[in-house]
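Asker: If you scroll down you'll find the structure; I have some questions about it.
The values are calculated or read from the model by the stated rules, or taken from the named source; none is laboratory data. Keep in mind that this is a model prediction, so the values were computed, not measured. Cβ sites come from the backbone with ideal geometry, for glycine too, and all protein chains shown count toward neighbours.
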Amino acid sequence: MQDNPAKKADEKSRYGTTGHEWDGIQELNTPLPRWWLWTWYACILWAFGYWIAYPAIPLVSSFTKGALGWSSREAVVADIAGLQTLRGPMTAKIEAASLTDIENTPELLSFARAQGSAAFAVNCSPCHGAGAQGAKGYPNLNDDDWLWGGSLDAIHTTLQHGIRWDADKDTRSSMMPAFGKDGTLKPNEISATADYVRSLSGLSTEKGADLALGQSVFAANCAACHGDNGEGNQDVGAPKLNDKVWLYGPDKALIMERITVGGGGVMPAWSARLDVPTIKSLAVYVHTLGGGQ
């Protein structure tokens with residue numbers, strides 16, 4: 001490449017050259033297409049107009065409000081208000097009706113399921129899954145296996161007051177002791193109990209497992225909540241242990257971990273966040289997923 005200080009017009013294109021030359025090939029100084037330039041100028045004018053008309057420029061502690069006085073927050077508020085106005089008559093009926101009447105009235109049931117589905121997607125699916133299939137530590141809401149009861153009233157109460165939610169005095173509360181951390185049970189007793197719990201669901205146990213010891217430990221420490229045969233107790237949120245449905249998993253190591261550390265899951269009291277019709281709709285939606293009692 002070499003620089004040619006003499007910039008001259010190209011004979012064929014009639015455009016001037018830049019003065020650069022590569023192996024005898026000169027670089028033309030071709031102007032940009034006019035349509036592109038005018039589009040660019042129009043975009044610049046549009047940008048200045050947008051800055052003036054809409055909130056756009058950040059300030060120290062605020063931002064420019066815009067000549068039109070529009071904001072996305074106010075637009076969302078207006079949309080929500082419009083939606084509430086549209087839903088108003090049906091929402092009032094949901095609030096006034098009993099849970100049973102909602103399920104037995106096709107019009108109310110359809111509305112409640114639609115509203116409940118939307119509320120579930122926003123508030124419940126992060127833990128229970130988009131299809132309410134649950135996850136490790138989060139119950140599946142499609143089956144007929146319930147910690148605190150699967151009737152309409154039981155589900156509604158759970159939604160209202162949550163589980164182990166300290167801010168609500170009526171929350172559902174119970175706690176599995178940390179038998180291992182507290183030193184209540186020895187490692188061999190925890191191992192034997194885990195094997196015995198697996199046997200309640202007909203699962204295989206380790207060779208040489210001391211099921212007699214496990215049964216004895218279970219009867220003395222676990223049966224008070226989980227039942228003599230692992231049938232569970234919804235009054236205290238103690239899950240069934242004999243139905244092959246597992247909240248944390250059926251592996252012996254996982255069962256031993258729960259016996260060792262104890263504890264229990266937490267769910268918010270939705271009455272502090274959602275209105276009465278929405279909670280009713282959620283209860284109906286969950287109850288009609290397929291596992292409601």
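Asker: Inside region 201-293, counting only helices (runs of 4 or more DSSP H) that do not spill past its ends, which hold 1 or more residues that are over 30 Å from residue 168 (Cβ atoms)? Steps first, answer last, please.
Answerer: Working: elements: 211-221, 223-226, 252-261, 276-287.
Output list reads 211-221, 252-261.
Asker: Any idea which of 251, 195 is of a type in the set (Asp, Glu), in contact (Cβ under 8 Å) with a residue 12 or more places away in the chain and on the phi < 0 side of the Ramachandran plot?
Answerer: Exactly one residue qualifies, and that residue is 195.
Results for (1) polar (S, T, N, Q); (2) at pLDDT below 95; (3) under 14 Å from the mean Cα position of the chain (by Cα), shown as yes or no for each residue.
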{"position": "101", "(1), (2), (3)": "no, no, no"}
{"position": "131", "(1), (2), (3)": "no, yes, yes"}
{"position": "135", "(1), (2), (3)": "no, yes, yes"}
{"position": "150", "(1), (2), (3)": "no, yes, no"}
{"position": "154", "(1), (2), (3)": "no, no, no"}
{"position": "158", "(1), (2), (3)": "yes, no, no"}
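Conditions tested, residue by residue: (1) out of contact with any helix residue (DSSP H, G or I) (no Cβ under 8 Å at 6 or more places or on another chain); (2) under 22 Å from residue 277 (Cα atoms); (3) of a type in the set (A, V, I, L, M, F, W, C); (4) surrounded by 18 or more Cβ atoms within 10 Å (Cβ to Cβ).
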| site | (1), (2), (3), (4) |
| --- | --- |
| 125 | yes, yes, no, no |
| 145 | yes, no, no, yes |
| 154 | yes, yes, yes, yes |
| 167 | no, yes, yes, no |
| 170 | no, yes, no, no |
| 174 | no, no, no, no |
| 190 | no, no, yes, yes |
| 193 | no, no, no, yes |
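Asker: State whether one or more residues within region 78-92 are hydrophobic (A, V, I, L, M, F, W, C) and buried (at least 17 other Cβ atoms within 10 Å of the Cβ). Full working, then the answer.
Answerer: Start the filter on region 78-92 by keeping residues that are hydrophobic (A, V, I, L, M, F, W, C), which leaves 78, 80-81, 83, 86, 90, 92.
When the remaining residues are screened for being buried (at least 17 other Cβ atoms within 10 Å of the Cβ), the result is 90.
Scanning region 78-92 turns up at least one residue that is hydrophobic (A, V, I, L, M, F, W, C) and buried (at least 17 other Cβ atoms within 10 Å of the Cβ).
Asker: Please specify each residue of region 262-274 satisfying the condition of being more than 17 Å from the chain's Cα centre (by Cα) and surrounded by 14 or more Cβ atoms within 10 Å (Cβ to Cβ). Full working, then the answer.
Answerer: Pass one, region 262-274, residues more than 17 Å from the chain's Cα centre (by Cα): 262-264, 271-272.
Selection gives 262, 264, 271.
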